[in-house]
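**Student:** Take a look at the following structure, please.
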Amino acid sequence: IAELTAVLETYSADGDTYNIAHASDKLGVTLGLAGRLAEGATALEQARQRWTKLGNMHRLIETLINLGNIYYLQGDNENSEAVARQGLEKARALGAVRSETYLLASFGDIKRQAGEYAAALELYNSCLEQSWSLDDAYIRIYVTDAIAATYQLMGDLQSGESWSARATAEAESRGGAVEIGICLITAGLFKRQQGELKDAAALLVQAI
């Protein structure tokens, strides 16, 4: 954060719009990872304004994905959905399939958080279908696990555990620590819901 802030100050002094936008985007993501969500959103909004001014749609879409995620983590579904919708329109116009897939996942998360489980599942399945055309294990594992978590919230434990096992197998086969950790959290929540608290705790500790 300190280095990116210094870099941003240097580019700002030079009036270098492209690199101001680029540094603002990276700073916003890093602030978000550090849990400083409000600051992250501010930096990403600055990047959004500059990419729009430059007319750089590819970079703008990436920033919109990041910004939508920050708003989602803040519980701001209204802004998260508005940003994701803008990103999805631009991604489809450019034929940017990878970005479109990530944005569909974001929409699924928003609908799930709002309790619109059927809509969430529809979006996740669309996302999963598109993910097979990408060499991107992360999004496929993430969405498969998200489907499992949605079924859990619906009270359909049998379907949820089946999807959770599928996500875990994919994570162990092709994923890294992040992907496996995501799947372990969901598996732990299933154990907790079934009253198997010792196993749930073990899985969640392993996830951490």
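The values are calculated or read from the model by the stated rules, or taken from the named source; none is laboratory data. Small disclaimer: the values here were computed from a predicted structure and weren't measured. Note: ideal-geometry Cβ built from the backbone for every residue, glycine included; neighbour counts use all protein chains shown. These accessible areas exclude ligands, DNA and RNA; they are computed on the full protein's heavy atoms, side chains included. Shrake-Rupley method; radii C 1.70, N 1.55, O 1.52, S 1.80 Å.
**Student:** Mind giving me the nanometre distance, one decimal, between the label points for A177 and L153, set 7 Å out from Cα along Cα→Cβ?
**Tutor:** Label at A177, label at L153, 2.8 nm between them.
**Student:** If R0 is 22 Å, what FRET efficiency do you get for H58 and S133 from their C-beta distance, rounded to 0.05?
**Tutor:** Numbers: r = 18 Å, r/R0 = 0.84.
The calculated FRET efficiency here is 0.75.
**Student:** Same structure, new question: Determine the shape class of region 155-208: with a ≥ b ≥ c the square roots of the Cα gyration tensor eigenvalues, call it rounded for a/c under 1.5, and otherwise prolate if a/b is greater than b/c, oblate otherwise.
**Tutor:** Numbers: a/c = 2.95, a/b = 1.26, b/c = 2.35.
Because a/c hits 1.5 or more and a/b fails to exceed b/c, region 155-208 counts as oblate.
**Student:** Same structure again: As an exercise, find the ratio Rg/Rh for region 1-92 from alpha-carbon atoms, using the Kirkwood inverse-distance average for Rh.
**Tutor:** On the way: Rg = 12.6 Å, Rh = 12.9 Å.
Taking Rg over the Kirkwood Rh, I get 0.97.
**Student:** Oh, and also: How big is the Kirkwood radius of region 71-156, worked out from every pair of different alpha carbons and given in Å to one decimal?
**Tutor:** On the way: mean 1/r = 0.0774 Å⁻¹.
About 12.9 Å, per the Kirkwood formula over Cα pairs.
**Student:** Same structure, new question: Solvent-accessible area per residue for the chain at a 1.4 Å probe radius, Å²?
**Tutor:** On the way: 10490 Å² over 208 residues.
That works out to 50 Å² for each residue.
**Student:** Report, in debye and to the nearest 20, how large the dipole of region 42-92 comes out about its Cα centre when Lys and Arg carry +1 and Asp and Glu carry -1 on their Cβ.
**Tutor:** Working: 7 positive and 6 negative charges, 66 e Å.
I would put it at about 320 debye.
**Student:** Let me have the 222 nm mean residue ellipticity of the chain computed from DSSP H runs of 4+ only, each contributing -39500 (n - 2.57), with the sum over all residues rounded to the nearest 500. The partial results should precede the final answer.
**Tutor:** Values: 11 runs with 179 residues, N = 208.
After summing the helix terms and dividing by residue count, I get -28500 deg cm²/dmol.
**Student:** Using the Cα centre as the reference, give the magnitude of the dipole from point charges on the C-beta atoms of the chain (Lys, Arg: +1; Asp, Glu: -1; all else neutral), rounded to the nearest 20 debye.
**Tutor:** On the way: 18 positive and 27 negative charges, 17 e Å.
Dipole size: approximately 80 debye.
**Student:** In a solvent-free Debye calculation with one equal scatterer on each Cα, what is log10 I(q)/I(0) for region 24-69 at q = 0.14, 0.17, 0.21, 0.23 Å⁻¹, listed in the order of the q values?
**Tutor:** The Debye formula, applied to the Cα set alone, gives -0.26, -0.38, -0.55, -0.65.
**Student:** Stretch V7-K198 to full length: gain in nm at 0.36 nm per residue minus the Cα-Cα span?
**Tutor:** On the way: separation 191, 0.36 × 191 = 68.76 nm, distance 4.76 nm.
Answer, rounded to one decimal: 64.0 nm.
**Student:** Here is a further query. Convex hull volume of the Cα atoms in region 73-112, per residue, in Å³? Don't jump to the answer; show the numbers that get you there.
**Tutor:** Details: hull volume 2.1 nm³, N = 40.
It is 52 Å³ per residue.
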